[in-house]
Structure formats: structure tokens, C-alpha cells
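The values are calculated or read from the model by the stated rules, or taken from the named source; none is laboratory data. Remember, it's a predicted structure, so these values are computed and weren't measured experimentally. Every residue, glycine as well, gets a Cβ built from its backbone with ideal geometry; the counts of neighbours run over all protein chains shown.
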């Protein structure tokens, strides 16, 4: 990722925008430093939109409707996702191979 100081932005913005947008090859974000610390990133609008689509909303279970919380509480996790069982199986495999 290219880096520039915040003082350079007014002088180089056109080039930075082209770099972020990919009009000069592969799109590359531009990190703007203020007092030598990361401040903002210049990215292409389509890349920003792609990242925003990936945002996830997290909520508390207390905020769920009662019927949905009850439904979720009655579900069982697929045993293949139970990390305790997976770790136990790995230990057993390691002991039998020794």
C-alpha cells in the first residue's frame, strides 16, 4: 500500500486517486499519514462499496423477538463443529501414532 503524508495530499491527489482507482494499473489503496501515524485511506468507490456489502450487523440476543430466541435455544450444533470433540479426536490420533 502506498503511503503519503497529509501535507502531500493536495499536491498529489490526482495521482493518488488514479492509483486507488486502478487507472494506472492494479488498484492500490493509498494510506495517508498525519504526524507519521495512519489517518485515512484513499480507496476506489467500487472497492469501498464492496467492503460495505461485507459489513455484518451484530446484535444482542436480548434484542431478538422471544419466538426467535426460543427457536434458536432449541437448536443443536452440528457435532462436526464441536471444538472439544475435535480436540479430543486429535489427541487420540496423536496417542495412537506414538
Test residue 46 against the criterion of being outside any loop (DSSP other than H, G, I, E, B), loosely packed, with under 12 Cβ neighbours inside 10 Å and within 26 Å of the chain's Cα centre (by Cα), and give yes or no.
yes
Within the range 58-70, is there a residue that is surrounded by 12 or more Cβ atoms within 10 Å (Cβ to Cβ) and either farther than 30 Å from residue 5 by Cβ or under 20 Å from the mean Cα position of the chain (by Cα) (or both)?
yes
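For every residue, the table says whether it meets (1) surrounded by 10 or more Cβ atoms within 10 Å (Cβ to Cβ); (2) touching a strand residue (DSSP E or B) at 6+ places or on another chain (Cβ under 9 Å).
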{"residue": "19", "(1), (2)": "yes, yes"}
{"residue": "54", "(1), (2)": "no, no"}
{"residue": "78", "(1), (2)": "no, no"}
{"residue": "87", "(1), (2)": "yes, no"}
Does any residue of the range 31-40 turn out to be touching a helix residue (DSSP H, G or I) at 6+ places or on another chain (Cβ under 7 Å) and modelled with pLDDT of 90 or more?
yes
Does residue 39 fit the bill of being in contact with a strand residue (DSSP E or B) (Cβ under 6 Å, 6 or more places away or on another chain) and either free of Cβ contacts under 8 Å to residues at least 40 places away in the same chain or not in a helix (DSSP H, G or I) (or both)?
yes
Exactly one of (1) in contact with a helix residue (DSSP H, G or I) (Cβ under 9 Å, 6 or more places away or on another chain); (2) part of a helix (DSSP H, G or I) is unmet by residue 67. Its number?
(1)
In the range 21-35, which residue that is surrounded by 13 or more Cβ atoms within 10 Å (Cβ to Cβ) and in contact with a strand residue (DSSP E or B) (Cβ under 8 Å, 6 or more places away or on another chain) is farthest from residue 46 (Cα to Cα)?
33
